[in-house]
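*Asks:* Take a look at this one; I'll ask things after.
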Amino acid sequence: MSKYHVNKKGYYGPFGGAYIPEMLYPNVEELQQKYMDIMQEESFLQEFQELLKDYVGRPSPLYLAKRLSARYGANIFLKREDLNHTGAHKINNTIGQILLAERLGKKRIIAETGAGQHGVATATVCALKGLECVVYMGEIDIQRQAPNVARMKMMGATVVAAQSGSKTLKDATNEALRDWINNPIDTHYIIGSVVGPHPYPDLVARFQSIISEETKKQLTEKTGNSSPDYVLACVGGGSNAAGMFYHFLEDEEVQLIAVEAAGHGVKSGESAATTALGKEGVLHGSRSILMQTEDGQVVEPYSISAGLDYPGIGPQHAWLYKSGRGKYVSITDDEAMQAGLLLTKLEGIIPAIESSHALAYLEKMTFHGNENVVICLSGRGDKDLDNYMKYFGF
Ligand SMILES: Cc1ncc(COP(=O)(O)O)c(C=O)c1O
């Protein structure tokens with residue numbers, strides 16, 4: 001594996017590892033020891049690929065957005081993860097993890113969710129496999145992502161409100177970890193991003209790497225070249241970006257751009273721009289970069305988009321940032337909302353507000369006319385219609 005992937009000890013440069021309470025050792029160690037063997041089993045690979053094809057609807061299209069391209073003066077391709085079953089990239093990971101959980105003999109699934117997309121994707125695969133499902137979600141996110149809460153409940157999941165802190169994703173993650181400590185034997189925790197103790201960042205990135213695997217083939221068919229000039233993705237914890245970057249990491253000609261949420265502005269005090277504001281530390285079981293006070297308390301993040309409203313990034317992203325392999329930037333609420341509206345008007349595609357952050361960065365780039373740009377359209381905007389309507393006053 002390359003210098004950008006996890007090493008045998010579970011680290012990306014100085015980041016990663018498994019910083020967990022002793023009571024979680026058995027669960028995490030079991031995963032560490034078994035995940036690679038299980039993921040390489042013939043029967044696992046076959047079922048994973050079949051479900052991605054027939055249930056999720058992969059490969060997701062790589063769409064050349066002509067009107068958007070004309071506006072910015074580059075060939076802009078959208079990797080349409082929004083067209084996946086359940087509406088976002090999250091399902092790639094939950095399909096992989098439910099197959100892993102089955103093979104570990106687990107009967108009960110827990111998950112945390114911010115935008116609700118990961119919660120929906122988890123509830124979906126639990127319905128598919130007939131497993132009990134409990135989803136932790138911040139009270140604030142329950143309010144701003146009501147359609148997704150309804151979906152989870154309809155699929156038989158129990159949705160538990162996290163009432164502490166900012167009542168968003170970080171707090172939901174804390175609750176899920178607490179549950180796992182209390183239920184170590186029969187429960188698998190499906191983490192929804194490339195965060196958490198080793199091996200989660202690696203296994204989630206592997207499940208999401210289908211995004212760049214397909215992109216390379218599709219781009220070759222469309223342009224004769226598998227490498228674009230730029231690849232862009234939004235970053236909450238960083239799973240769609242990790243999947244979108246995965247097969248381009250060694251190809252240093254490809255510029256990787258990760259877009260964080262600046263909320264009301266990086267310096268406004270209401271932001272989730274982790275690399276701009278954060279320092280190295282430990283959050284949710286791994287060493288990474290996170291927003292924290294002088295004495296190490298986690299700073300409450302803010303973004304209009306629930307999926308990016310997280311004070312950290314996964315350890316691989318921390319390493320890509322620190323090593324300079326990736327460029328980490330941020331986009332405000334206002335810039336993202338305008339970009340979402342623009343895509344809707346120019347292409348007839350309503351993006352998730354998370355994905356709108358990646359789209360918004362196009363405004364800040366300068367092109368010379370023929371560059372190929374791939375943007376991960378991580379999800380569809382159905383869940384965000386209320387927010388778009390309120391913001392624009394429709
Ligand atoms: C559509 C969409 N995009 C992006 C994200 C951010 O997550 P990640 O950074 O793990 O891709 C989310 C999270 O819920 C999401 O729903």
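*Asks:* Residue 262's amide H: which non-local residues (gap 5+, or another chain) put their own amide H closer than 5 Å, with H modeled 1.01 Å from N in plane and none for Pro or chain starts?
*Replies:* Long-range HN contacts for residue 262: 272, 331, 332, 333.
*Asks:* Per-residue HN-Hα couplings for segment 118-127, Karplus 6.51 cos²θ - 1.76 cosθ + 1.60 at θ = phi - 60°, whole Hz, x for Gly and Pro?
*Replies:* Values per residue, Gly and Pro as x: 5, x, 5, 5, 6, 4, 5, 6, 5, 4 Hz.
*Asks:* If each residue's Cβ is checked for other Cβ atoms within 10 Å, how do 56, 235, 120, 298 rank with the fewest at the top?
*Replies:* Ordered from fewest to most neighbouring Cβ atoms within 10 Å, 56, 235, 120, 298 come out as 298, 56, 120, 235.
*Asks:* Most fluctuating residue of 30, 294, 221 in a GNM of the chain with Cα springs under 10 Å: which is it?
*Replies:* Residue with maximal mean-square fluctuation among 30, 294, 221: 294.
*Asks:* By average Cβ neighbour count within 10 Å, what is the ranking of 270-283, 311-324, 190-203 from highest down?
*Replies:* Going from most to least packed, we get 190-203, 311-324, 270-283.
*Asks:* Going down the list 53/216; 3/66; 9/129; 53/129; 90/383, which pairs span over 25 Å between their C-alpha atoms?
*Replies:* Pairs exceeding 25 Å: 3/66; 9/129.
*Asks:* Quick one: Karplus J couplings for segment 339-344, per residue in order, coefficients 6.51, -1.76, 1.60, θ = phi - 60°, nearest Hz, x for Gly and Pro?
*Replies:* Once θ is set to phi - 60°, the couplings for segment 339-344 become 5, x, 5, 4, 4, 4 Hz.
*Asks:* Determine the dipole magnitude for the chain: charges of +1 sit on the beta-carbon of Lys and Arg, -1 on that of Asp and Glu, nothing else is charged, the reference point is the Cα centre, and the result goes in debye to the nearest 20.
*Replies:* Values: 38 positive and 46 negative charges, 93 e Å.
The dipole magnitude comes to about 440 debye.
*Asks:* Identify, among 55, 284, 307, the residue whose Cα sits farthest towards the positive end of the charge dipole of the chain, taking +1 on the Cβ of Lys and Arg and -1 on the Cβ of Asp and Glu, with the dipole about the Cα centre.
*Replies:* Ranked along the dipole, the leading option is 55.
*Asks:* For every other residue with a beta carbon closer than 13 angstrom to the beta carbon of residue 351, add +1 if it is Lys or Arg and -1 if Asp or Glu, then tell me the sum.
*Replies:* Working: positive: 79, 80, 345, 380, 383; negative: 81, 82, 347, 354, 382, 384.
Result for the local shell: -1.
*Asks:* Hey, with R₀ at 22 Å, roughly what FRET efficiency would residue 394 and residue 70 work out to, going by the Cβ-Cβ distance, to 0.05?
*Replies:* According to the calculation, E is roughly 0.25.
*Asks:* Take the alpha carbon atoms of the chain, find their radius of gyration, then divide it by 2.2 N^0.38 Å using N residues; give the quotient.
*Replies:* 0.90
*Asks:* Under the Karplus relation 6.51 cos²θ - 1.76 cosθ + 1.60, θ = phi - 60°, what is the ordered set of whole-Hz ³J(HN,Hα) values for segment 200-211, x standing for Gly and Pro?
*Replies:* The phi angles translate into 4, x, 6, 5, 5, 4, 5, 5, 7, 5, 4, 4 Hz.
*Asks:* Further question: For residue 261, what charge total do you get from the other residues with a beta carbon under 9 Å from its beta carbon, if Lys and Arg give +1 and Asp and Glu give -1? Walk me through the numbers on the way to the answer.
*Replies:* On the way: positive: none; negative: 260, 309, 333, 354.
Cβ neighbours under 9 Å give a net charge of -4.
*Asks:* Turning to a different aspect of this structure: So how far apart, in nm, are the two label points at residue 294 and residue 150 if each is 7 Å from Cα heading toward Cβ?
*Replies:* Distance between label points: 4.9 nm.
*Asks:* By how many nm would the segment from residue 253 to residue 217 lengthen if fully extended, with 0.36 nm per residue of separation less the alpha-carbon distance? Walk me through the intermediate numbers first.
*Replies:* On the way: separation 36, 0.36 × 36 = 12.96 nm, distance 1.74 nm.
That pair, residue 253 and residue 217, stretches by 11.2 nm at full extension.
*Asks:* Still on this structure: Rounding to the nearest 20 debye, state how big the charge dipole of segment 226-303 is about its Cα centre with +1 on each Lys and Arg Cβ and -1 on each Asp and Glu Cβ.
*Replies:* Computed about the Cα centre, the dipole is about 240 debye.
*Asks:* What does the charge count near residue 14 come to, summing +1 for each Lys or Arg and -1 for each Asp or Glu among other residues with Cβ under 11 Å from its Cβ?
*Replies:* Details: positive: 287, 322; negative: 280.
That sum, taken over residues with Cβ under 11 Å, equals +1.
*Asks:* Assuming R0 = 30 Å, can you tell me the calculated FRET efficiency for the pair residue 181 and residue 49, based on Cβ-Cβ distance, to the nearest 0.05?
*Replies:* Between residue 181 and residue 49 the formula returns 0.30.
No lab work stands behind these numbers, since they all come straight from the coordinates. This is a predicted model, so every value here is computed, not measured. Virtual Cβ from ideal backbone geometry, glycine too; neighbours counted across all protein chains shown.
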